[in-house]
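Read through the structure below, which is laid out as structure tokens, and then see the notes.
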Amino acid sequence: MSSTSRDRYGTDVLSGDWRAPKRGRSTELAAARGVVVEDVETGWTGAVVRVEKAGGTHVVHLEDRRGRTRGFPMGPGFLVDGRPVVLVPPRPATQSGAGRAGAAGTRPGRTASGSVAVAGQRARVARGSRIWVEGRHDAELVEKVWGDDLRVEGVVVEPLDGIDDLTGALVEFDPGPGRRVGVLVDHLVAGTKETRLVEAALADPRWRGLVHVVGHPYVDVWAAVRPRAVGLTAWPQVPRGQSWKHGVLAALGWPHADQRDVAHGWKRILGSVTTIADLEPSLSGRVEELIDFVTAPEG
């Protein structure tokens, strides 16, 4: 959403200030950690916990008094003590001293997945084993929550761009000792195309013990993010036959005309995820199952 579309106060095209908004003109305010602001459009009030750049747009994350976190595009449309402000990125010095765990909203000494953080540990050389996910958004979500753990373990996550040719991908990769494959599949429920594709791929006895496929029940990985993380009580219902992503964006009132809007919408959703608690257990449990599979000792 552009800064212009979020400016509910408009632009004064007349000389003088005789029609100035009752609350006064917006002033710039650095989005420093701990600053409490209110989003005019939704009424969400919270303290700034972090700022990040997603898809070319700065996103500010606000934590309310119940500990819930929600991301908003930075710019105009916020209030401080009833006065309008335009949030701008803080200077680097403003966030100095805030560690990675603090900036991400995780507990000190813990990674976003909840495991114990290993201080000073260099990333391990990549294993031969892999975790495959269906698409880029799946990979970005796994990286956001489990990235630190995966680097310590030397596990690489690769997007497949769908599983229509899962069998062909396995043949090309050629799993073997030290080269296991864990696969995360969207919408893996009884009677679906995905289930039939997985069953066909696993029918090959060559992959027994070397390939492990798990799935979550959601049509799209977006829905594996808990609605409360983005300030919703539930994800919108999208009619069958309609693009799920575009339908969700339309129902939320977010731009949804093209793929750029989809990418921007995903960045907003991804930006709202800070820890494993922001994900449905039906996804998070499966990811951890795959990590255990590809890192288990041989034999």
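Read-outs: derived from the displayed coordinates by stated rules, not from any lab. Since the structure is predicted, the reported quantities are computational estimates derived from the model, not experimental observations. No Cβ is skipped: glycine too gets one built from the backbone with ideal geometry, and neighbour counts run over all protein chains shown.
Remark: T275, T45, T233 ranked as T233, T45, T275, counting other beta-carbon atoms within 10 Å and listing the fewest first. For the stretch 220-269, rounded, prolate or oblate, judged on the Cα gyration tensor with a ≥ b ≥ c (square roots of eigenvalues), a/c < 1.5 rounded, else prolate if a/b > b/c? Note, shape of the stretch 220-269 comes out oblate. When S243, S284 are sorted by how many other C-beta atoms sit within 10 angstrom of their C-beta, beginning with the fewest, the order is S243, S284. Just to be sure I follow: if Rg is taken over the C-alpha atoms of the stretch 150-233 and Rh is the Kirkwood radius over the same atoms, what is Rg/Rh? Expressed as Rg/Rh, it is 1.03.
The phi-based Karplus calculation (6.51 cos²θ - 1.76 cosθ + 1.60; θ = phi - 60°) puts the 3J(HN,Hα) values of the stretch 135-145 at x, 5, 5, 4, 5, 5, 5, 4, 4, 4, 9 Hz, whole numbers, x for Gly and Pro. Each residue of the stretch 249-264 was assigned a 3J(HN,Hα) from its phi angle through the Karplus expression (A = 6.51, B = -1.76, C = 1.60, θ = phi - 60°), giving 4, 4, 5, 7, x, 8, x, 8, 6, 8, 5, 5, 5, 4, 4, 5 Hz with x at Gly and Pro. Database remark: amide H of V85 closer than 5 angstrom to the amide H of T27, G77, F78, L79, V80 (H placed geometrically; neighbours at sequence offset of 5 or more, or on other chains; Pro and chain starts carry no H). Among R208, R286, R180, the order by Cβ neighbours within 10 angstrom, fewest to most, reads R208, R286, R180.
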